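Every number in this text was worked out from the coordinates using simple rules, so none of it is lab data. Just so you know, these numbers come straight off a predicted model, no measurement behind them. In this analysis, Cβ positions are derived from the backbone assuming ideal geometry, glycine residues included, and neighbour counts consider all displayed protein chains.
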Amino acid sequence: MMRWIAFLLLIAVVAGLAYVRFAPVDQARWLTVKYPKLAPGEYAGAGKFTAQFLFEGDGKAELERLHNVVTATSRTRVVSGSLGQGQIAYETRSAVLGFPDYTTVSLTQLPLEGKSTLQIFARLRFGSYDFGVNKARVKGWVLRADLK
């Protein structure tokens, strides 16, 4: 009897991990983000991290630098959006189990002020705590893209 319980438990764990690995990605869900109006800076929460930057001008060069850094990151791919749209959603998977994290980068023009804001919003898909992985990843990207 114990062998059957152990076998069924193993099947359940494998099925759960397979779902995490192969679950379909809703592209619109990860690209569409209702950003609150935030002052430039960093904001952390359970399983998520947001960084916002204010730039003089249109910010397109900064977005492109960040995009190049993000796409050079291993296990990271573009899920939706583009540089031309000014909004891009990325998926980054963990090395061992393939847990997905999603990061949305959005560039907004402030035409009356001649400035732009770049907001980076990283969050996990499964679970409620990411052990600071999203924060560390975004801060690394920001450092390598030389965003100030």
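Quick test of the membrane-span-like rule: which DSSP H helices of the chain reach at least 20 Å along their long axis (C-alpha atoms) with mean Kyte hydropathy at least 1.0? Working shown, then result.
Working: long enough: 2-22 (30 Å, 1.90).
Passing helices, by number: 2-22.
Please arrange Leu124, Leu63 by how many other C-beta atoms lie within 10 Å of their C-beta, fewest to most.
Working: Leu124 19, Leu63 22.
So the residues, fewest neighbours to most, are Leu124, Leu63.
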Relative contact order (%) - region 21-148, alpha-carbon pairs under 8 angstrom, separation at least six: 30
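Using just the helices of the chain, give the 222 nm mean residue ellipticity in deg cm²/dmol: DSSP H runs with n ≥ 4 each add -39,500 (n - 2.57), and the total is spread over all residues, rounded to 500.
Theoretical 222 nm ellipticity from helices: -11000 deg cm²/dmol.
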Residue among Ala18, Val138, Leu63 farthest towards the positive dipole end of the chain, charges placed on Cβ: Ala18
Dipole in debye (nearest 20) - the chain, about Cα centre, beta carbon charges: Lys, Arg +1; Asp, Glu -1: 460
Inter-site label distance for Leu97 and Leu112 at 7 Å from Cα along Cβ, in nm: 4.8
Candidate values [x] 100, 55, 22; [y] 46, 44, 20; [z] 72, 26, 26, label of the one derived for Cα extents along the principal axes in Å: [z]
